[in-house]
Structure formats: C-alpha cells, structure tokens
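Asker: Here you go, one structure.
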Amino acid sequence: MDFLPLFFKVSSSNALVFGSTDAAKRKIEVLTKAGCYVTWADASLVAKELLDSGLVTVVDKASDAHWSSVQFVVAAYGDRDSDDAIAKTAKARNLPVNVVNNAALSTFVFPSIIDRSPIIAAVSSSGELPVLTRLLRSRLESTIPHAFGRMASIATEYRGKVKNKFEHLNSRRRFWERHLEGRFADLIFSGEEAKARELIEHSLSQKSTNQNASGEVYLVGAGPGDPDLLTFKALRLIRQADIVFYDRLVSDDVMALVRQDAEKINVGKERSRHLVPQESINQLLVNHAKQGARVLRLKGGDPFIFGRGGEEIETLAEHNIPFQVVPGITAAAGCASYSGIPLTHRDYAQSVRFITGHLKDDSHDLPWAELIHDQQTLVFYMGLSALDTICRCLIDHGMSKDKPAALISKGTTRDQQVLTGTVGDLYEKFKQSSLKAPTIILVGDVVTLRDKLKWREES
C-alpha cells in the first residue's frame, strides 16, 4: 500500500497551488468545497467562479511568505521540470505536496470522492490509473443513494436517545441495523423525513426492546433483461429484500443481484400455465409483510404495463401494508432501443400504442380498426402464440400486407434476436426461425430504420 487513506480537516487551512491548467482548477474546486483557503500562483487564466468563493487569492509569483503560511502544496503546471521544481521545494520545507498525474513525485494524492456529507467515501489507484478510479467511483455512486448523508444526519440526532434506551452495545447495533437498512431508510430516501422521524420515535417509545421491524413490499420493475438498465432505487431495494417473489421474465443476470441469503420464490406465469395464481401471489405479499419481512415483488419490464402491479398494490392497500413502486424500463422501450428501432420518429410515427397480445380468457377481441393508422407504431406484448392471428386481423381490417414489422426475442440480453419482415410474411419467417419467447412484436414504418440505426451485435 503506497498511500495510506486518511481524512484531514482542511477547513480554514491554507494551500498553495501552482499552474494555470484545468487540473489546477479542479484541485482548487475540491479544496474550496472543503473550506480551504487557496493561494493560486502563476495563474494566467483565472476561473471567475473560483474567485467568487472568497477563498482564492491569485498571485503572480509565490513569495517566501506564501510558502511559510501554507500547510500543503499542489503542483499542476503539467510540465515535468516545473512540477519537479515545486515538489523539491515543498519537500525541502517539509510540506506535503501533490504533483498532479505524477504519484512518484507526490507525498499525497487526491482521491476520487463520493460526497454524501457527512458520509464521505474516497477511492484511489495510488495515482497509477485514474480512469479505473473513476469507473469504481461510478459503481459506488450507483449504490449509495443521494440522501444517504441526510439519513446519517437524522440518525445522529437520535444517538443519545438510542444509547439511553439500549444499555448493551449489541442491542444498539441491532436497533441501527434494523432501521438503517429498513423502512426508516426507505422513507428518508423517498423524501418523507417527517414519517421517518415518527417511525424511529415510535420504535424508541416501545416498552419492549425487541420490537420487530414493520414489513413492507417493494414492487420493482426489473426491466427487459439487461441489469444495467435497472434504476438506482431498484438496485438498492433488490439488495436489501428478505424474500423475493419473481416472474419468469426477470433475467438471470438481474436475479444474481439479489442477496444470497434472501429467500427466492418463482411465481412466474406463462400462457395457460400459472405457477401461482394471481390471488395467491397477492396474499403471499400480505402475509410475509405482516410477519415483518422486506418483500420484493420483482417483475420483468415495468410493473404497471401489463404487469398486474395495480392488482397487487390494491390488495396491499386494503390490508394497510406499506409499499413502494419502482418503475422499470418496459419491454417496448428497451427492446426497440437495443434493436435500433425508434418507437417514434418525426418522419414515420407520431404515436405509439402498447397492446397486450392476449386478453382475459385468451381472447383476441381487440379494437382492430383503431390500430390501422399509417403514422403509428404498434407494440404487441406477449403475442408470440397469436402472431398469425395478429397479422391476419390487421390485414383484414385494412393494413397493407407490406407494412414493416419486427419480432424481437429476448431483447436487451446477450441472446437477443431480431426478425424483420412485413405484416404479410412475418409469421412465415417466424416458423422458419428458432426464435423463442419472451418476444415483442413491432409494427410500423419505423422498422425500416433498423438497418441504418442498428448499433448492437446479436447472436
């Protein structure tokens, strides 16, 4: 370990920064954000916004008085000889020095910072590979909610009360783990700070010190398959759930993000084959939440677009079960984008219509006449088994046999395949292919743009 990560309080301290470069400006921005006073030497191009902070003084040349009044130095000329000279002077004066992009000449380095004040996380590659540091920082950023620091501040207000309530350290630890990973945290992350305070006050007012945490249900859209399309909030809730009820459309890559110790129950539904009836799923969510569990209902795509999420939260609301709904990228948007087919385009389609490929009782009694418009894109979900019927009904109600159409299988995943054709020949092409569900069907002139806009290799 070449550099030991330490956190110093630099507010009201003084730094000397050399160079008129973008690197110098970035270092000054970090220093002033932490309340440090900066003397900026040899700065021919001064950033006005930095001067407006009142913490930056610009000088043509650093005098001996400047050197004697600072606690550390930054060399950011970008010229090795100049930076080397500054480093030697700083070391001779026993001053810590950072030479930007040159760890060998530095006695300290600036880490990449994830700021959730008062929580601060820092990542460094010891100055060797900044791009890798940025990549790691991005991953950490995605897992730490922006309100994480706010949660820390509110929790700190209750430290004294918690200490008075729980005599033993282990009891205090269990209390904080339950709240900082439970509903208290969720309420803060959702912007409901007043409710979060009420919850922790109620918990502290209980006579028993072994109160179970109240359960909650997370209705989360898992998107069309690619885990990188999950929202930050979806990823956070996926990782903290105690039990997961998931559909068959949730990809293996997304399921791999679930905690290893969480219970996983497949309640997936296929055409004419339901592992668990919908009414039973609704009741399972209620039962486990009442037992104090954090219940994740994970659905492919978006839970409110042909996902029956509305039915599930109706049941939860009837039983006064707290719940959150996290939207996901619906299959139409994800699969079309990954196929190079825009759902709308100024020259081809000014509207898009989402249609279920099968209705209750397997009916295909759709308003076909309403679907026949030249400048409209049609997206049929769950329509593979009805592909022949869909194409025939569209033609029977006036759509041209030559209208472009596409069948997208396993969209956004590594196994994505796209079959293009027309309403008149798509079914015959499908019969000669190896495409399998899950699929979506796209109908409209936008399909012709695929050859030009395709950006992703397919299996």
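The values are calculated or read from the model by the stated rules, or taken from the named source; none is laboratory data. For clarity, every value in this text was computed on a predicted model and none was experimentally measured. Note that each Cβ is placed from the backbone with ideal geometry, even for glycine, and that neighbours are counted across all protein chains shown.
Asker: In the stretch 204-224, which residue that is small (G, A, S) and surrounded by fewer than 20 Cβ atoms within 10 Å (Cβ to Cβ) is modelled with the highest pLDDT?
Answerer: So, considering only residues that are small (G, A, S) and surrounded by fewer than 20 Cβ atoms within 10 Å (Cβ to Cβ), the one modelled with the highest pLDDT is S205.
Asker: Looking only at the stretch 85-101, which residues are surrounded by 16 or more Cβ atoms within 10 Å (Cβ to Cβ) and either in contact with a Cys (Cβ under 6 Å, 6 or more places away or on another chain) or farther than 18 Å from D64 by Cα (or both)?
Answerer: N98, V99, V100
Asker: In the stretch 242-270, how many are in a helix (DSSP H, G or I) and either crowded, with 18+ Cβ neighbours inside 10 Å or small (G, A, S) (or both)?
Answerer: Adding up the residues that qualify gives 1.
Asker: Sticking with this one: I'd like the full set of residues that are under 17 Å from W368 (Cα atoms), in contact with a helix residue (DSSP H, G or I) (Cβ under 8 Å, 6 or more places away or on another chain) and assigned to a loop (DSSP other than H, G, I, E, B), limited to the stretch 400-443.
Answerer: K401, K403, V423, G424
Asker: Now a separate question. Step by step: first the residues of the stretch 129-147, then only those that are hydrophobic (A, V, I, L, M, F, W, C) and loosely packed, with under 12 Cβ neighbours inside 10 Å, then the one that is modelled with the highest pLDDT. Which residue is that?
Answerer: Here the residue is V131.
Asker: Right, here's the next one. Would you say S126 is at positive phi and surrounded by fewer than 16 Cβ atoms within 10 Å (Cβ to Cβ)?
Answerer: yes
Asker: Considering only residues that are in a helix (DSSP H, G or I) and of a type in the set (V, I, T), look in the stretch 138-190 and name the one that is farthest from I113 (Cα to Cα). Working first, answer last.
Answerer: Pass one, the stretch 138-190, residues in a helix (DSSP H, G or I): 138-143, 148-157, 159-165, 169-180, 183-189.
Then keep just the ones that are of a type in the set (V, I, T); that gives 143, 154, 156, 162, 188.
Values: T143: 14, I154: 22, T156: 22, V162: 31, I188: 23 Å.
Ranking the candidates gives V162 first.
Asker: Next question. Any chance the stretch 337-346 includes a residue that's outside any loop (DSSP other than H, G, I, E, B), at pLDDT 95 or above and surrounded by fewer than 19 Cβ atoms within 10 Å (Cβ to Cβ)?
Answerer: yes
Asker: Could you list, in sequence order, all residues of the stretch 224-270 that are among the β-branched types (V, I, T) and touching a Phe, Trp or Tyr at 6+ places or on another chain (Cβ under 9 Å)?
Answerer: I238, V254, V258, I265, V267 - these are the residues of the stretch 224-270 that are among the β-branched types (V, I, T) and touching a Phe, Trp or Tyr at 6+ places or on another chain (Cβ under 9 Å).
Asker: Do we find a residue being surrounded by fewer than 21 Cβ atoms within 10 Å (Cβ to Cβ), in a strand (DSSP E or B), in contact with a Leu (Cβ under 8 Å, 6 or more places away or on another chain) and free of Cβ contacts under 8 Å to residues at least 40 places away in the same chain anywhere in the stretch 353-373?
Answerer: yes
Asker: Of V70, V74, which residue is modelled with pLDDT of 95 or more, of a type in the set (V, I, T), within 20 Å of L6 (Cα to Cα) and part of a strand (DSSP E or B)? Walk me through it before giving the result.
Answerer: Details: V70 fails: part of a strand (DSSP E or B).
Within the list V70, V74, the selection yields V74.
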